[in-house]
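The values are calculated or read from the model by the stated rules, or taken from the named source; none is laboratory data. Nothing here was measured: the structure is a model prediction, and the numbers come from that model. Cβ sites come from the backbone with ideal geometry, for glycine too, and all protein chains shown count toward neighbours. These area figures cover heavy atoms from the full protein model, side chains too; ligands, DNA and RNA do not enter into them. Shrake-Rupley method; radii C 1.70, N 1.55, O 1.52, S 1.80 Å.
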Amino acid sequence: MQEDAALPELIRLEKNKELQQIGNKILHQERLTPREGVLLYEQGSLSYLGALANGVRERLHGDTTYFNRNFHIEPTNVCVFSCKFCSYSRLYAHREEGWELSMDQMLDIVRSYEGKPVTEVHIVGGVHPKLNLPYFIELIGKIREIRPDLHIKGFTAVELDYMFRKAKVTVEEGMQLLKQAGLQSLPGGGAEIFHPEVREIICHDKVDAEGWLRIHETAHGLGMHSNATMLYGHIEQYRHRIDHMERLRQLQDKTGGFNTFIPLKFRNKNNDMSHVKESGIIEDMKVYAVARLYLDNFPHVKAYWPMLGRQKAQLTLSFGVNDIDGTIDDSTKIYSMAGSEEQRPTMNTAQLVTLIKQVKRKPVERDTLYNPIRDYTDIDIREIELNPLLN
Ligand code: SF4
């Protein structure tokens, strides 16, 4: 892919010499240091960061913007942990305020997609004290029987850590068992902010950074891919965000198993951190841009539209993002409970494609592993709306 010819000129005109140097490093595809990462946050203007990040995005992917057709299963929001930012979970003692889907209810969700061209089921939820590794192995096996064509992506490292400890198996043994049952990749949740100065305050009792990274490293070692998230915009400082990305970059150097990085915006409704102000749109866009610049070994940066809202997700496509997640469905509760703009997070393919085309990018449906399925660039929206196989 060709870089925008205006970019070298923009870098030449940058008055801050350090930022100019960083711009030249980006242009020559050189790796940024942690100090340079922090400097981008502290001193980079939004327009400069956006132009640099967009340059990297277009070098890697041109205008291609990926999405997938998936659905979510959230087995429960009952959770043994008490993360301060969480608006979603209920302790076991208050489980009547939450939900616990039975195996049959979850399988009915899978059956309800029969004949629909979804390619992935995404399974995440709270860490329920009564559910265990054999139960989830059974669930995966049954989903496989109903829809052998679906890619099963499931369980954050937080859920897996608890499952494995409870079953008294090592991470290697547990991951092997889940892989044999049919689990194919891991989502990126539970990473939050790795640095203990922040993690101790916002989620002290769940798996630490080393544990999270070890689970993903083990999955990569078994040939499984995974994603990584970062919960930003609460009490963390810039150096914590860079430390977080630095740890991910180092693991990616070692394994190459991460597909995509997903910044997740902290929302302050209905949780123990409601006094913390949410980040504004300028900061949101900076987070995406710096991620694209710093994580030079991550192929993709994704905006999770149910959390960010549709218009902001559209905007991120000019700040380094090349993936806008999936069609999802309206059972996704994690962000609607935290006060996100999207109270009913569901979009059909025609809506997703429209969103991408409105900002002059190329919508391409992908599978979980980023194999292209269909390029929608030249397909008319009306045709998509009328064809159930396309929509
Ligand atoms: S963020 Fe996850 S682990 Fe923490 S309380 Fe909520 S559901 Fe439980």
>> What is the distance in Å between the Cα centroid of region 48-105 and that of region 138-159?
In response: 16 Å
> For region 148-251, what is the relative contact order in percent, using Cα pairs closer than 8 Å and at least 6 residues apart in sequence?
Replying inline: 33 percent
>> What lysines does residue 286 reach when the alpha-carbon gap must be under 24 Å and sequence neighbours fewer than 8 apart in one chain are set aside?
In response: 15, 17, 25, 265, 269, 277, 302, 312, 357, 360, 362
> Plugging the Kirkwood radius over Cα pairs into Stokes-Einstein for region 198-321, at a temperature of 10 °C and a viscosity of 1.306 mPa s, what D comes out in µm²/s?
Replying inline: 104 µm²/s
>> With the alpha-carbon atoms as the only input, what is the per residue convex hull volume for region 177-246 in Å³?
In response: 87 Å³
> Of the beta bridges DSSP finds with both residues in the chain, what % are antiparallel, to the nearest 5?
Replying inline: 15 percent
>> Which cysteines in the chain lack any other cysteine whose Cβ sits under 4.7 Å from their own Cβ?
In response: 79
>> Accessible area per residue for region 65-386 in Å², computed with a 1.4 Å probe and the full protein assembly in place, what is it?
In response: 38 Å²
> Going from the alpha-carbon gyration tensor of region 220-289, what semi-axes, largest first and in whole Å, does one get by taking the root of 5 times each eigenvalue?
Replying inline: 27, 13, 11
>> Using a 7 Å offset from Cα along Cα-Cβ at residue 369, what residues in region 101-138 end up with backbone N under 20 Å from the label point?
In response: 118-123
> Where Rh is the Kirkwood radius over the Cα pairs of region 60-144, the temperature 10 °C and the viscosity 1.306 mPa s, what D in µm²/s does Stokes-Einstein return?
Replying inline: 107 µm²/s
>> Need one value: the accessible area of residue 165 in square angstrom, 1.4 angstrom probe, rounded to the nearest 10.
In response: 130 Å²
> Ranked highest first by the average count of other Cβ atoms within 10 Å around their residues, in what order do 267-275, 303-311, 179-187, 16-24 fall?
Replying inline: 303-311, 179-187, 16-24, 267-275
> When the convex hull of the Cα atoms of the chain is projected onto a plane and the area is averaged over all directions, what value comes out in nm²?
Replying inline: 18.2 nm²
